Amino acid sequence: MGVNTAAYLNGFYDTTRAMGDKAVSSDGAFEIEGFEDMWLLTKSFPWPTISPAGEIEVPTPLGGGMWQPQQVKVNLQGQITLMETSLGSVSNMLIRLIAQGARFNAKAYEGTPDRYRFYHRLKDCFIQTDIQDRDFENRSQILTISGTMYFHYFGEKIVGNIT
């Protein structure tokens, strides 16, 4: 016999609704400082979170153990995908970033750069790109440039201009 009843499920519904609408993955934007006009070419980017870097096992008597969190991890990495243009806009931007020392600061928005609930400030970022494939038979996909973005996030969350 199930433990759920309509009244029991209604309580979960009410509590869940009170927490607000869920974030939608597509409702975000990524902007590289100094290249603000390029945000529309970002297909996907890492969303920063703060958490312990891992666990520390602490021995206890009789061979037991317990866990303790490590220090907060602020050096993060994640996948980024940029949509290339026929003029090579993304490749040109990456070359310009290299010429400037390869590092940049960025903003990860909940919303867009013009209308956002908040953004996370990312510091000292750089992108290591993967080798991209061009394919004569593929007429159904845009060319993307993907790779790993390495960055630092210190929990800095800036309040936006919409609620």
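The values are calculated or read from the model by the stated rules, or taken from the named source; none is laboratory data. Because the structure is a prediction, the values reported are computed rather than measured. Because the Cβ atoms are built from the backbone with ideal geometry, glycine has one as well, and the counts that use them run over all protein chains shown. SASA here: full protein model, heavy atoms, side chains in, ligands and nucleic acids out. Shrake-Rupley method; radii C 1.70, N 1.55, O 1.52, S 1.80 Å.
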Screening Thr85, Thr112 for residues that are in contact with an Asp or Glu (Cβ under 9 Å, 6 or more places away or on another chain), surrounded by 12 or more Cβ atoms within 10 Å (Cβ to Cβ) and touching a residue at least 24 places away in the same chain (Cβ under 8 Å) leaves only Thr112
I'd like to check something: does segment 64-71 contain any residue that is of a type outside the set (Phe, Trp, Tyr), out of contact with any Ser or Thr (no Cβ under 9 Å at 6 or more places or on another chain) and closer than 28 Å to Val24 by Cα? no
I'd like the residue in segment 70-92 that is assigned to a loop (DSSP other than H, G, I, E, B) and either at pLDDT below 95 or of a type in the set (Val, Ile, Thr) (or both) and, out of all such residues, is nearest to Ile127 (Cα to Cα). Val74
Is it the case that some residue within segment 1-13 is open to solvent by 60 Å² or more (accessible area, probe 1.4 Å) and under 23 Å from Met149 (Cα atoms)? no
Can you find even one residue in segment 50-57 that is at pLDDT below 95, over 30 Å from Arg115 (Cα atoms) and of a type in the set (A, V, I, L, M)? no
All conditions in (1) in contact (Cβ under 8 Å) with a residue 40 or more places away in the chain; (2) assigned to a loop (DSSP other than H, G, I, E, B); (3) within 15 Å of Lys43 (Cα to Cα) are true of Ile162 except (3)
